[in-house]
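Asks: This structure is in structure tokens; I'll ask about it shortly.
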Amino acid sequence: MSSRERILGRVRRALADAPGEGVPVERAYLREHGDRSVEETVELLAENLADYRAIVHRCTTADLPATLAGMLAARGAKTVLVPPGLEPAWLADAGIEQVPDRAESTPHELDRVDSVVTACAVAVAETGTIVLDGGPDQGRRRITLVPDHHICVVRVPDQVVSSVPQALERLDPVRPLTWISGPSATSDIELDRVEGVHGPRTLEVVLVESQPSEDVNS
């Protein structure tokens, strides 16, 4: 008998008297903290994103191409990685080389790309988190982990929820979910913060609304 079979046998014996499937699980925890309007929820998202050192911008749908072009120009980007399902109009004003998301791209090739622009699946206001699920407008997980600069577009208010439980209701657990709270960062034993170790060094989030709005960082 292998170690695996021995462990699984112990698990089966331990669960022999446990209730079967279909037993309801009590979920009495709070689904969100506080009673907020849609506008207040979006403001909380912007505040928490900025608190995690993400750079937050706000614009209208009509202004999005110009906003993205300005962000890429400010970064000095010469190339931008583009998921296959990203709306072409978003980067119509960028004026730089667009690199397609290809399965055969190596980590070294991805590392040479200046920026990546994606959409998201959902954004969580209470935790300042954006979630990607590998959809066509987000691409494979690695394209948002290897390049040093990630721009993520969030549609407001459709893609914004208050809490993690609400986000989970929108997500498919079998998809490759990536939960992002600010740029990648870690610290050593002396608590010196280092960014960009296992993901992008710079995260910029664009909250796209139907009504004109000011840049959060202005």
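The values are calculated or read from the model by the stated rules, or taken from the named source; none is laboratory data. Only a predicted model underlies this, so the values are computations on that prediction, with no experimental measurement involved. Glycine also receives a Cβ, built like all others from the backbone with ideal geometry; neighbour counts cover every protein chain displayed. Ligands, DNA and RNA are excluded from the accessible area calculation, which covers all protein heavy atoms including side chains. Shrake-Rupley method; radii C 1.70, N 1.55, O 1.52, S 1.80 Å.
Asks: Only bridges with both residues in the stretch 31-182 count here: give the DSSP antiparallel percent, nearest 5. Can you show the working numbers first?
Replies: On the way: 6 of 17 bridges.
Among the beta bridges of the stretch 31-182, antiparallel pairing accounts for roughly 35 percent.
Asks: So, with a 1.4 angstrom probe, what is the percent of accessible area on the chain that is carbon and sulfur?
Replies: 52
Asks: Taking the stretch 54-140, which GluC sites (Glu not before Pro) meet the DSSP loop condition and have no more than 14 other C-beta atoms within 10 Å?
Replies: Here the GluC sites (Glu not before Pro) that fit, given the DSSP loop and packing criteria, are Glu104.
Asks: How long, wide and thick is the stretch 79-188, going by the Cα atoms along their three principal axes, in whole angstroms, largest first?
Replies: The Cα atoms of the stretch 79-188 stretch 41, 38, 25 Å along their principal axes.
Asks: What are the trypsin sites (Lys or Arg not before Pro) within the stretch 1-36 that DSSP puts in a loop, where the Cβ has at most 15 other Cβ atoms within 10 Å?
Replies: Answer by residue number: Arg27, Arg31, Arg36.
Asks: Among Val11, Val122, Ile151, whose Cα lies farthest out toward the positive end of the dipole of the chain, if unit charges sit on the beta carbon of Lys, Arg (+1) and Asp, Glu (-1)?
Replies: Val11
Asks: Normalised by the number of residues in the chain, what is the relative contact order in percent for Cα pairs under 8 Å and 6+ residues apart?
Replies: Once normalised by length, the contact order is 26 percent.
Asks: Compute the accessible area per residue over the stretch 1-145, keeping the other protein chains in place, probe 1.4 Å, unit Å².
Replies: Normalised by residue count, the accessible surface of the stretch 1-145 is 60 Å².
Asks: Figure the gain on full extension for Lys78 and Leu8 (residue separation times 0.36 nm, minus the Cα-Cα span) and round it to one decimal in nm.
Replies: 19.8 nm
Asks: Can you give the Rg and Dmax of the stretch 1-133 based on its C-alpha atoms, in angstrom?
Replies: Cα radius of gyration and Dmax of the stretch 1-133 are 23.2, 65 Å respectively.
Asks: In addition: Tell me, what is the FRET efficiency for Ala66 and Glu169 to the nearest 0.05, using R0 = 45 angstrom and their Cβ-Cβ distance as r? Walk me through the numbers before you get to the answer.
Replies: On the way: r = 34 Å, r/R0 = 0.76.
Once the sixth-power term is evaluated, E becomes 0.85.
Asks: Using each residue's phi in the stretch 75-82, evaluate 6.51 cos²θ - 1.76 cosθ + 1.60 at θ = phi - 60° and report the 3J(HN,Hα) Karplus result to the nearest Hz, with x for Gly and Pro.
Replies: Residue by residue, the stretch 75-82 yields 7, x, 5, 9, 9, 9, 7, 10 Hz.
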